[in-house]
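The values are calculated or read from the model by the stated rules, or taken from the named source; none is laboratory data. Given the structure is predicted, the values throughout are model-derived calculations rather than measurements. Cβ placement follows ideal geometry from the backbone for every residue including glycine, while neighbour counts extend to all protein chains displayed. Ligands, DNA and RNA are stripped out before the accessible areas are found, and what is left, the full protein with its side chains, is counted by its heavy atoms. Shrake-Rupley method; radii C 1.70, N 1.55, O 1.52, S 1.80 Å.
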Amino acid sequence: GPDRKEVPLNRGTQAVVVGRGRGAPGDGSSMGGRPSSPLDKQQRQHLRGQVDTLMRNFLPCYRGQLAASILRQISRELGPQEPAGSQLLRSKKLPRVREHRGPLTQLRGHPPRWQPIFCVLRGDGRLEWFSHKEEYENGGHPLGSTALTGYTLLTSQREYLRLLDALCSDSLEDHTQEEPDSLLEVPVSFPLFLQHPFRRHLCFSAATREAQHAWRLALQGGIRLRGTVLQRSQAPAARAFLDAVRLYRQHQGHFGDDDVTLGSDAEVLTAVLMREQLPALRAQTLPGLRGSGRARAWAWTELLDAVHAAVLAGASAGLCAFQPEKDELLASLEKTIRPDVDQLMRQRARVAGRLRTDIRGPLESCLHREVDPQLPRVVQTLLRTMEASLEAVRTLLAQGMDRLSRRLRQSPSGTQLRREVYSFGEMPWDLALMQTCYREAERSHGRLGQLAAPFGFLGMQSLVFGAQDLAQQLMADAVATFLQLADQCLTMALNCDQAAQRLERVRGRVLKKFKSDGGLAQRRFIRGWGLCIFLPFVLSQLEPSCKKELPEFEGDVLAMGSQALTTEGIYEDVIRGCLLQRIDQELKKTLGANDVSCTLDGCLEVPWEQEGADEETEAEREGGTCPRQPGSGAQIQPLCPPPSRGTFRS
């Protein structure tokens, strides 16, 4: 039987680490086997206790933020609206990745070796792999599967081996080299390495460079889709959850945004607890792992994977148990807050005014000393990032509309036109096409990361994903707007010349609307991420001096009788408001704009319409006629007959 060694896991529990032959780890997913869990019953019970403690401490934060989020939503509904709302129609299509499938080889087995598999990336960002294609086509069970949340994709074997070698480097001196470190010694021509901080690594290889490139785009799209599910949501509960995670971590002494909030609610809480437990787990477990070198590092990822799975199961169960209470709480909050919202906001404003006076000195000193010197460079870098990304989207959009115009001149009612319309409607989900836009968002990663790191901001992956989501969303909205307006304008009553002229006017109108929405989204993006970079830092700087002033306001806040208002929440809103003033001033200098205002609390991006838009269409607002504005000047030669009604329906 396999060798066993008992090593501490945490607080007196024991972790059973199983040595497997040549020292390579077993893997129920990535390596293809079905070994028993490296955790015994006692260790799993211990982890359940850790999750229960996390939930007990986190849920009060969550309840409070649910109330604050409902108050924010109602006050925004009843308050003054933004001077310039969205001009484009909201796309009714949910974000997704195209299903991608094909043969790969995977490093699996005991000892690990490269074996052929058939891999499938589902539209929801879940990766599955089968023993062969027929097994997939016949509905068989996969060898393994994983949600891509939190993974990083590497296509350089040298870079991956450096990462693997660094995982256990601090304990290598305690172990003699038991055998040659042959894991991944043979060069891999077209590798695809999926690395995760708390899960097993997945090692694949494609047959050609073209296949590797296609899989790289697909996997990166799946990673982003899974990662930003909460950030894309406009539901009050999603915003409340993210705020609650931030507050919970601040109460634990962790200030500064990072990528822990990528994923679903259960995945986020799992990452929070894993980060809390990782130092102790590493110190107590690594000395007992068998093997050496890369095999030892892989064994470490196997143990982490087992701990991650246990924590994720516990967090999912805890959130499911809380769901009925959450639903009831949201319904009751809506009923109790809405009738009193005006009074609550007046009371909040009075307390905020007094708080602002009390902390003005330390706050202004901190902003002047720490934030003001770096703010211009941060704002300008964020602005350049979004400008380049949105210009790439506009270029692709214009090219797509031009292709449709050319096809209309050539074949107005044929299958080729319908095929071109379908391709145009799929542009936002075409990863190869959108890659030019996504690369622009990635270019600022290093520079912006260097500017933000001194403020404790380590969430560059989240920021890049946010910019990419925004580019995809604006493309989807622009495509939906063009197709709907074109379908309403192009009727059988028009001759081909009239149809072509109308389509050209729709093109100009959509580009104008895209410019307006792009500018608004750009400002929101800069304000939102500016807050993410600077707000936690300022809060940490003011913690010793200003936080002690809060108890004297507690009585006034409690007298309001609403859980939607807390002293800490008002205190943060005051600091947030001052930061936004600074960011807006810098935006005005940079853009030369007279008005860059958005809602008080800003946002990371304009949220996706998760349940479909119900706005009236542009044509409906204008009485069923298309706007009669000059086109771009392109002359369209008439070609009869015109396309039938519904051709441009997406």
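Residue by residue, here is whether (1) basic (Lys, Arg); (2) surrounded by fewer than 21 Cβ atoms within 10 Å (Cβ to Cβ); (3) part of a helix (DSSP H, G or I) holds:
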position: ALA521; (1), (2), (3): no, no, yes
position: ARG527; (1), (2), (3): yes, no, yes
position: PHE534; (1), (2), (3): no, no, yes
position: VAL538; (1), (2), (3): no, no, yes
position: GLU554; (1), (2), (3): no, yes, yes
position: LEU558; (1), (2), (3): no, yes, yes
position: GLY561; (1), (2), (3): no, yes, no
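Condition first: more than 27 Å from the chain's Cα centre (by Cα) and either outside any strand (DSSP E or B) or on the phi > 0 side of the Ramachandran plot (or both). Now tell me which residues in the stretch 82-123 satisfy that. Hits for the stretch 82-123 are PRO83, GLY109, HIS110, PRO111, PRO112. Of the residues examined, GLU572 is one that is modelled with pLDDT of 90 or more, acidic (Asp, Glu) and within 24 Å of ARG346 (Cα to Cα). Scanning the stretch 101-141 for residues that are under 23 Å from TRP429 (Cβ atoms) and either charged (D, E, K, R) or open to solvent by 50 Å² or more (accessible area, probe 1.4 Å) (or both) gives ARG101, ARG122, ASP124, ARG126, GLU128. Among the residues of the stretch 66-77, the ones that are open to solvent by 30 Å² or more (accessible area, probe 1.4 Å) and of a type outside the set (Lys, Arg) come to 3 in all. When the stretch 273-291 is filtered for residues that are of a type in the set (S, T, N, Q) and either open to solvent by 10 Å² or more (accessible area, probe 1.4 Å) or without any contact (Cβ under 8 Å) to a residue 24 or more places away in the chain (or both), the ones remaining, listed by number, are GLN277, GLN284.
Just one of the numbered conditions (1) open to solvent by less than 10 Å² (accessible area, probe 1.4 Å); (2) in a loop (DSSP other than H, G, I, E, B) is not true of VAL393: (2).
Taking the condition open to solvent by less than 50 Å² (accessible area, probe 1.4 Å) and touching a helix residue (DSSP H, G or I) at 6+ places or on another chain (Cβ under 9 Å), does GLN250 pass? So that I can check it myself, show each step before the final result.
Details: open to solvent by less than 50 Å² (accessible area, probe 1.4 Å): yes; touching a helix residue (DSSP H, G or I) at 6+ places or on another chain (Cβ under 9 Å): yes.
Yes.
Put simply, of ALA321, ALA310 the only residue that is open to solvent by 30 Å² or more (accessible area, probe 1.4 Å), under 28 Å from the mean Cα position of the chain (by Cα), within 30 Å of ALA237 (Cβ to Cβ) and not acidic (Asp, Glu) is ALA321. LEU463: touching a His at 6+ places or on another chain (Cβ under 9 Å), within 14 Å of SER389 (Cβ to Cβ) and not polar (S, T, N, Q), yes or no? Judged against the criteria, LEU463 is a match. Tell me which residues, restricted to the stretch 215-232, are open to solvent by 20 Å² or more (accessible area, probe 1.4 Å) and over 10 Å from the mean Cα position of the chain (by Cα). Once the filter is applied, which keeps residues that are open to solvent by 20 Å² or more (accessible area, probe 1.4 Å) and over 10 Å from the mean Cα position of the chain (by Cα), the stretch 215-232 yields ARG216, GLN220.
Here's the yes/no breakdown for (1) of a type in the set (Lys, Arg); (2) over 30 Å from ALA235 (Cα atoms); (3) modelled with pLDDT of 85 or more:
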| residue | (1), (2), (3) |
| --- | --- |
| PRO2 | no, yes, no |
| PRO25 | no, yes, no |
| GLN65 | no, no, yes |
| LEU78 | no, no, no |
| GLN81 | no, no, no |
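Identify, please: which residue in the stretch 425-479 is open to solvent by less than 10 Å² (accessible area, probe 1.4 Å) and of a type in the set (D, E, K, R) and is, among those, farthest from the chain's Cα centre (by Cα)? So, considering only residues that are open to solvent by less than 10 Å² (accessible area, probe 1.4 Å) and of a type in the set (D, E, K, R), the one farthest from the chain's Cα centre (by Cα) is ASP477.
Considering the stretch 579-602, the residues that are open to solvent by 30 Å² or more (accessible area, probe 1.4 Å) and at pLDDT 55 or above include one that is nearest to GLY79 (Cα to Cα), namely GLN581.
How many residues are touching a helix residue (DSSP H, G or I) at 6+ places or on another chain (Cβ under 9 Å) and within 13 Å of CYS119 (Cβ to Cβ) when one looks only at the stretch 206-221? Walk me through how you get there before you give the answer.
First pass over the stretch 206-221, keeping only residues touching a helix residue (DSSP H, G or I) at 6+ places or on another chain (Cβ under 9 Å): 206, 213-214, 217-218, 220-221.
With the extra rule that they be within 13 Å of CYS119 (Cβ to Cβ), the set shrinks to 206, 214, 218.
Residues flagged as touching a helix residue (DSSP H, G or I) at 6+ places or on another chain (Cβ under 9 Å) and within 13 Å of CYS119 (Cβ to Cβ) within the stretch 206-221 amount to 3.
Just for the stretch 273-324: of the residues that are of a type in the set (D, E, K, R) and assigned to a helix (DSSP H, G or I), which one is modelled with the lowest pLDDT? This residue is ARG294.
For the stretch 429-459, residues that are without any contact (Cβ under 8 Å) to a residue 24 or more places away in the chain, touching a helix residue (DSSP H, G or I) at 6+ places or on another chain (Cβ under 7 Å) and among the aliphatic types (A, V, I, L, M) total 0.
In the condition set (1) surrounded by fewer than 19 Cβ atoms within 10 Å (Cβ to Cβ); (2) more than 25 Å from ALA297 (Cα to Cα), PRO197 is compliant with all but (2).
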